[in-house]
Amino acid sequence: MSRILIINGSPSATSRTGQLLSHFAGQLAEDGWQVSELALRTLPAEALLSADFNALPLTAAARDVAQADAIVVATPVYKAAYTALLKAFLDVLPQQALADKSVLPIASGGTLAHYGVIDYALKPVLSALGATYTLPGFFVLDADLKTAQGGAGFNPEILSRLESSRVALNHLHRIDAAAVHLRHYGS
C-alpha cells in the first residue's frame, strides 16, 4: 500500500485548510492510500526556529516524510507568502527529502492575487528539496472554504477541483512509482 503524508502548515487548530485536508485525506484513503497527517503546529516551536535537527519530534517528522511515497503540502497564505511554520519545517528537512516523491501543493488565500504563492514561492522550495514530480497547485479562496451548516460540506466547485487534483495525484504516483522502479532495477 502506498503511503501519503499530508503536511498542514496552518498554525490554527481549527483552520478551514485543515477541514479541507481532512476531507481530502478521507478521499485518498478510499483510493487505497495509507494516509498520515502532520500538523506542523504540533511540533515544538523552539526546535523548529533553532533548526534543532536532533529534536525527536523533528526527526520523527522527517522520517515520516522519508517514508511517504507522496506528499501533500498545504498552507494558508499570510502576507503574500506561505506560513513561517511551513518554511521553518521545510528548512530542517534533508536536502533531497522530496526526491522520488509525487508532491501536491495546496494553498488557501484571501484573494486571487495570492495564487502566485504556489508557483513563485512554494514550488521553488519544493524543487530545492528534490521534488521532481510536482503537480500543478490547488489554490482556493478562503471565502470558498466556508463549509455548510455544521461543517457538512464544501462548495461543489471546490470539491470538483479537489477531485481533479486527487485523480492527477493518483495518476502521477503510478507514473512516478514506475520511473523509480526503472531507475533502481532497470527494465
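The values are calculated or read from the model by the stated rules, or taken from the named source; none is laboratory data. In this text the structure is predicted, and so the values were computed from the model without any measurement. Glycine gets a Cβ as well: all are built from the backbone with ideal geometry, and neighbour counts include every protein chain shown. Just so you know, the surface numbers come from the protein's heavy atoms only, side chains and all, with ligands and any DNA or RNA stripped out. Shrake-Rupley method; radii C 1.70, N 1.55, O 1.52, S 1.80 Å.
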Unique residue being of a type in the set (A, V, I, L, M), in a helix (DSSP H, G or I) and open to solvent by 10 Å² or more (accessible area, probe 1.4 Å) when the list is Ala99, Ala88: Ala88
Any hit, region 62-71, residues being more than 19 Å from Arg161 (Cα to Cα), of a type in the set (Lys, Arg) and at pLDDT 95 or above: yes
Positions within region 1-24 being free of Cβ contacts under 8 Å to residues at least 40 places away in the same chain and surrounded by 17 or more Cβ atoms within 10 Å (Cβ to Cβ), in sequence order: Gly18
Test set (1) open to solvent by 70 Å² or more (accessible area, probe 1.4 Å); (2) in a loop (DSSP other than H, G, I, E, B) - Arg41 fails condition number: (2)
Filtered residue count, region 105-144, keeping only those that are assigned to a helix (DSSP H, G or I), open to solvent by 10 Å² or more (accessible area, probe 1.4 Å) and out of contact with any Gly (no Cβ under 9 Å at 6 or more places or on another chain): 11
Condition broken by Ala68, with the remaining ones in (1) open to solvent by 50 Å² or more (accessible area, probe 1.4 Å); (2) closer than 15 Å to Ser2 by Cβ satisfied: (1)
Where a residue in region 113-130 is closer than 13 Å to Gln96 by Cα and in contact (Cβ under 8 Å) with a residue 12 or more places away in the chain and its partner, wherever it lies, is open to solvent by 10 Å² or more (accessible area, probe 1.4 Å) and of a type in the set (Ser, Thr, Tyr), with Cβ under 6 Å and at least six apart: Leu126/Thr134
